[in-house]
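Okay, so here's the structure we're looking at.
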Amino acid sequence: MADAAIDLLGSQGARGLSHEKVDQHAGLPRGTTSFYFRTRRALLHGIAARLTDLDIADLSRMTELSDDMADGFTGTAGLARLVMASNAEPYLTRSRARYELALQMSREPELAETLMQFAAKFYALAESVIRDWHASDPAPDPRLVEEQAVMVLTMINGVILSFVHGAPVVSEAAQLERWIQAMLEGGAR
């Protein structure tokens, strides 16, 4: 149900999302979505929760996609591959849905609070991943790791936004990995 709602929000925008449309899209009996998500706000919260679960699962499997060396910052190849995958379906629709939710945040403080809680979980996981990237320093400065997480995730957000817009600023994972490495190296100085 939440996946169908994500698909609708990402492909049709906020106006294309309704309980009835989710039922139809998911092939569910009429009224099923409204039974589980009584209000539009509850449906948006359900979408936010599901997107967060999917994003955290993707970030968690990033190391499986990584084949970079154990010197410098390890793990960046996996992140670059994950980000590049977001330029294809179903990830592109998920990204569009995420940006639609971000636009809703400005009008719905309760949704904003929920999304910020989910973002905090994601940033904490990103910080943990970046801390592990410091192959040459088993105990990197926590402030540095926090700053690097913010820098890398902000840049990645811009890259994904370029995908959503249909004008990618990067065309291959190796190029994006170089950008991530450069950002981490610059932030480490």
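The values are calculated or read from the model by the stated rules, or taken from the named source; none is laboratory data. Computed from a predicted structure; not experimentally measured. Ideal geometry is used to build each Cβ from the backbone, glycine not excepted, and the neighbour counts take in all protein chains shown.
Can you find a residue that is without any contact (Cβ under 8 Å) to a residue 40 or more places away in the chain, aliphatic (A, V, I, L, M) and surrounded by 15 or more Cβ atoms within 10 Å (Cβ to Cβ) anywhere in segment 130-147?
Checked against the condition, which is being without any contact (Cβ under 8 Å) to a residue 40 or more places away in the chain, aliphatic (A, V, I, L, M) and surrounded by 15 or more Cβ atoms within 10 Å (Cβ to Cβ), segment 130-147 yields at least one hit.
Do we find a residue being within 21 Å of L176 (Cα to Cα) and either among the hydroxyl-bearing types (S, T, Y) or free of Cβ contacts under 8 Å to residues at least 60 places away in the same chain (or both) anywhere in segment 103-122?
No, segment 103-122 contains no residue that is within 21 Å of L176 (Cα to Cα) and either among the hydroxyl-bearing types (S, T, Y) or free of Cβ contacts under 8 Å to residues at least 60 places away in the same chain (or both).
Hey, which of the helices (runs of 4 or more DSSP H) in segment 87-189, taking only ones fully inside, have at least 1 residues that are among the hydroxyl-bearing types (S, T, Y) and at pLDDT 90 or above?
91-105, 142-165
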